[in-house]
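Below is one structure, written out as structure tokens, with a few remarks after it.
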Amino acid sequence: MGCNFSDWLARFFIRTARNTRPSCQIDGMEFFADPHTAQDQSFVLFLKRFSRHTELLTTLGASQFAATLAAAWQKRSKKRPPGGETEIDEPMTEGSVFISYPSEDREAASALRLQLRELGIRAWLDREKLEGGDDYGEKIRTNVERSGYFLAVISKNTQTEERRWFRKEWQWALDAASQLDESDRFIVPVVVDDTDHTAKRLPQRFRDVHWLRSPGGNLSSEQKVQFKSMFVKAMTDPAKP
């Protein structure tokens, strides 16, 4: 609290702030930062006995603790992987894996992209999922055509009868695949829930190829090995950082 309150006044403020007894269960931890508190043994005993989720910090004041916490958060934020939300307009490089997904499966798609990046595989997805504008559509279509592989996220959300943007991406992928040799694997469906390959509203080309099942977008160890051998064209150039 940063102030040398007396025992009873400190207890009063704690109860008022929490609006409940200190012994009540809470989610997470509470920190009490006050160098003067250690001098009041009765209050220290009070915190230890009745507030097990409270950690007493006697070497830092409130302002110092807040500054330390802010610095730690900023340091953690700088270490965010490439799948973070800060790269909305990141350009797609030639041969990358294009990840197509319905907006409801954005979390699973982001998880897939992050894991591919960790394997050294270049992967791109549209984070904003904007659904309008000729310029935007042309950009996405160009990215599909420039991609080395088209990873289609399949789930119950792809079974809707509504007009959805991801279906345009599917069609562009089918057009691109038609220009490739049949032995070239371009379209890779990845199912992130329990949707069956016989589900309706799926292109026949999607049904004919092997499906990968990754609940929630989480790849197994075997799938990671399979992806590294499959997505050769999208592997990051080891000569580049």
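Could you list all residues from segment 146-158 that are open to solvent by 50 Å² or more (accessible area, probe 1.4 Å) and either within 23 Å of Arg207 (Cβ to Cβ) or at pLDDT below 90 (or both)?
Lys156
Arg163 - would you say it is assigned to a helix (DSSP H, G or I), charged (D, E, K, R) and either farther than 17 Å from Ala108 by Cα or modelled with pLDDT under 90 (or both)?
No, not satisfied.
Run Gln74 past the list (1) part of a helix (DSSP H, G or I); (2) at pLDDT 80 or above and report the number of the one that doesn't hold.
(2)
Restricting attention to segment 186-222, and to residues there that are touching a Gly at 6+ places or on another chain (Cβ under 9 Å) and under 26 Å from Val232 (Cβ atoms), which single residue is surrounded by the fewest Cβ atoms within 10 Å (Cβ to Cβ)?
Filtering first and then ranking leaves Phe186.
Which condition breaks for Gly137 when tested against (1) modelled with pLDDT of 85 or more; (2) in contact with a Phe, Trp or Tyr (Cβ under 9 Å, 6 or more places away or on another chain); (3) in a helix (DSSP H, G or I)?
If we test Gly137 against (1) modelled with pLDDT of 85 or more; (2) in contact with a Phe, Trp or Tyr (Cβ under 9 Å, 6 or more places away or on another chain); (3) in a helix (DSSP H, G or I), just (1) comes out false.
All but one of (1) in a helix (DSSP H, G or I); (2) modelled with pLDDT of 75 or more hold for Phe46; which doesn't?
So the condition that Phe46 fails would be (2).
Could you list, in sequence order, all residues of segment 169-217 that are among the acidic types (Asp, Glu) and without any contact (Cβ under 8 Å) to a residue 40 or more places away in the chain?
Asp175, Asp181, Glu182, Asp184, Asp193, Asp194, Asp196, Asp208
Yes or no: segment 176-185 includes at least one residue that is open to solvent by 90 Å² or more (accessible area, probe 1.4 Å) and modelled with pLDDT of 90 or more.
Looking through segment 176-185, none of the residues is open to solvent by 90 Å² or more (accessible area, probe 1.4 Å) and modelled with pLDDT of 90 or more.
The values are calculated or read from the model by the stated rules, or taken from the named source; none is laboratory data. All values derive from a computational prediction rather than experimental measurement. Neighbour counts run over all protein chains shown; Cβ positions are idealised from the backbone, glycine included. To get the accessible areas, we keep the full protein, side chains included, count just its heavy atoms, and leave off ligands, DNA and RNA. Shrake-Rupley method; radii C 1.70, N 1.55, O 1.52, S 1.80 Å.
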